[in-house]
Every structure is written in C-alpha cells, then in structure tokens.
Amino acid sequence: MNFFEAIVLGILQGLTEFLPISSTAHLRIIPALAGWEDPGAAFTAIVQIGTLAAVLIYFYRDITSIARAMVQGLLNGQPLGTPEAKMGWMITTGTVPIVVFGLLFKEQIETSFRSLYWISAALIGLALLLTVAEWRVKQRAGKGLGMKQMADISWKEALLIGLAQGIALIPGSSRSGVTITGGLFLNLSREAAARFSFLLSFPSVLAAGLFQLYKNRDVIFSSPDNLMAITMTIIVSGIVGYASIAFLLNYLKNHSTTIFILYRLALGAFILLMLAAGLLET
C-alpha cells in the first residue's frame, strides 16, 4: 500500500477500534469501495498494535497496578489476595475463549468470514442485540435498579464477557461492541462495560498482533516502503485510538449507544444494497 492508504487505514483503525462499530469491517469495506486490495486479516491484527498502545497509555495506571498485583500475589502465595490481582486473573480467564475460538476457526477468520455478506449480517445482528441490551438498561432504570460498576465484576461477568469477545473474530461484530453488549446484559453500567472491554482486549490483541508481526516479518521487512507504511499506520491508529477511548468513555457517562446502533444498521443495509446492485464484490 502507499502512504496515503496507510494513513487512511490508520485513521480508520483508530476511530473504529474502540467505538462499537467494528474496525475490521471498516478496514474491509473502505478499501473495497476505494478499489484498493483487501488488506487482509493479518494486516488487521498487526495494525491493532497501534490501538493497543493507546490502551496501554490511557490505562497505564490500571494495567501496571494489575500486573504488579498479579506478580506480588504469586510471589506471596496469594494470587487473589487483592482486588487488582483478582481483576488481572479475571481478565486472563476472560481471554481464554477468544484464544480457543481463534485457533478453532483460524481458516474461516482469514477467508470466508471476511465476506461482505458476513460483515453486513454481523453489523445488523449485533445492532439488534445492542438494542435489546439498551432496552434492558432502561427497564432497570425505570424500576430504580442500579447498574454494576468495575468493582462489582465477578468471575461470572468476566467469563461471559470473555465468551462474547470471541464473537468479535467475525468482522463486523466489533470487539468493543460485543463486549459492551455482553456487559449491559449482565447489568454493568455503560462506562464500566466499556472500561472492562478495553482492558479485556489487551492480552488477546497483543498476542495476535505480535504473532502476525512475526509471521509476516518477511513481507513487512522486504522493503523500506513496506516497513514505513505499516509503521505509519500503527502510529496514526495509536494517536487516533487514544482520542477515541477518551471520547467513548466520556460519551457513555451520559448517553446510550443508540447512535452506534443506528450507524451499524445503516452501514449493514448500505453494504447489502451495494452488493445487490453489483457495485461491490463479496
């Protein structure tokens, strides 16, 4: 890809990785509309290193506190001795499902699941699930029932949200979208669901990005232009991603996810219309 494409894809990744509208869908759709080659599942995993850096910087205190507590807990023979250590092991446990699903469906993730039919179905399907989740939130609010916060997350929530994260392997579903939806169904507040979603993404995105970086190192380092393009994409996605995290966490304090639901429905319908008209290839 040229530098212009690298910058555009970096902006797309940064904007859409944390908003519940699917970064992989946009990295598949926009190149198709522009007549560019599909960057592929490997590129998608590698470029997430940029947004992973955004998570690390934004949640630096949380991540270092959790990591330190886990290490100290193991050394002291009390791995669950503190809330931070417990949170770390819950995040680790919640990461297991996506690793298992990723290995089981590796071929489909890199091929058939990248079909625009799959992507449009995932966009619309999750929008409908998120609509139901939001309806449940309003029902609880109407009854005067509170929502759980980060401190209230238990092993049950961690594992079930981790299972939901596995669905994010289907382009169009959105990692933040499925985990926030799962959190809302489990009565987490919107902000707590988003915050846990971002922390939960850290181990799996790091592992996938480093694996694909190693696997495709020959292509990446085959020329200075290739290396510069992927580096540019990672840097741009990290900068834009940091701003996206800050925006979403502040937005969800006082707003529902309705705007994202409507966007997903519109984008999914648009893709189907373009496919039906023969203006896009699957």
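Going through region 176-194 one residue at a time, which ones are open to solvent by 10 Å² or more (accessible area, probe 1.4 Å), within 18 Å of Ile21 (Cα to Cα) and small (Gly, Ala, Ser)? Matches in region 176-194: Gly182 only. Evaluate the following for Thr44: is it in a helix (DSSP H, G or I) and modelled with pLDDT under 90? Yes; evaluated as a whole, the condition is true for this residue. Take Asn226 and tell me if it is of a type in the set (S, T, N, Q) and open to solvent by 60 Å² or more (accessible area, probe 1.4 Å). When the stated conditions are applied, Asn226 does not pass them. Does Ala69 satisfy the criteria of being open to solvent by 10 Å² or more (accessible area, probe 1.4 Å) and within 16 Å of the chain's Cα centre (by Cα)? Spelling it out, it is not the case that Ala69 is open to solvent by 10 Å² or more (accessible area, probe 1.4 Å) and within 16 Å of the chain's Cα centre (by Cα). I'd like the full set of residues that are touching a residue at least 60 places away in the same chain (Cβ under 8 Å) and on the phi > 0 side of the Ramachandran plot, limited to region 143-201. Within region 143-201, Gly172, Ser174 meet the criteria.
Being of a type outside the set (S, T, N, Q), open to solvent by 60 Å² or more (accessible area, probe 1.4 Å), in contact (Cβ under 8 Å) with a residue 12 or more places away in the chain and over 22 Å from Phe43 (Cβ atoms): is that true of Leu279 here? Against the criterion (of a type outside the set (S, T, N, Q), open to solvent by 60 Å² or more (accessible area, probe 1.4 Å), in contact (Cβ under 8 Å) with a residue 12 or more places away in the chain and over 22 Å from Phe43 (Cβ atoms)), Leu279 does not qualify.
Search region 1-21 for residues being in a loop (DSSP other than H, G, I, E, B) and either at pLDDT 90 or above or hydrophobic (A, V, I, L, M, F, W, C) (or both), and hand back the single one that is farthest from Ser176 (Cα to Cα).
Among residues in region 1-21 that are in a loop (DSSP other than H, G, I, E, B) and either at pLDDT 90 or above or hydrophobic (A, V, I, L, M, F, W, C) (or both), the one farthest from Ser176 (Cα to Cα) is Met1.
For Ser222, the conditions (1) without any contact (Cβ under 8 Å) to a residue 24 or more places away in the chain; (2) part of a helix (DSSP H, G or I); (3) farther than 29 Å from Pro97 by Cβ all hold with the exception of (2). For region 153-176, a tally of residues being in contact with a strand residue (DSSP E or B) (Cβ under 8 Å, 6 or more places away or on another chain) and not hydrophobic (A, V, I, L, M, F, W, C) returns 1.
Okay, residues lined up against (1) of a type outside the set (Ser, Thr, Tyr); (2) closer than 28 Å to Thr92 by Cβ:
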{"site": "Leu200", "(1), (2)": "yes, yes"}
{"site": "Gly209", "(1), (2)": "yes, yes"}
{"site": "Asp225", "(1), (2)": "yes, no"}
{"site": "Gly241", "(1), (2)": "yes, yes"}
{"site": "Ser256", "(1), (2)": "no, no"}
{"site": "Tyr263", "(1), (2)": "no, no"}
{"site": "Ala266", "(1), (2)": "yes, no"}
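Just one of the listed residues (Ser244, Ser237, Ser256) is on the phi < 0 side of the Ramachandran plot and not in a helix (DSSP H, G or I), namely Ser256. Comparison of Ser197, Ser120, Ser173 shows that the only residue that is closer than 18 Å to Ile261 by Cα, part of a loop (DSSP other than H, G, I, E, B), open to solvent by less than 20 Å² (accessible area, probe 1.4 Å) and out of contact with any Cys (no Cβ under 8 Å at 6 or more places or on another chain) is Ser173.
The values are calculated or read from the model by the stated rules, or taken from the named source; none is laboratory data. Remember, it's a predicted structure, so these values are computed and weren't measured experimentally. As a convention, Cβ positions derive from the backbone with ideal geometry for all residues, glycine included, and neighbour counts pool all protein chains shown. Note: accessible area is taken over every heavy atom of the protein model, side chains too, but ligands, DNA and RNA are not part of it. Shrake-Rupley method; radii C 1.70, N 1.55, O 1.52, S 1.80 Å.
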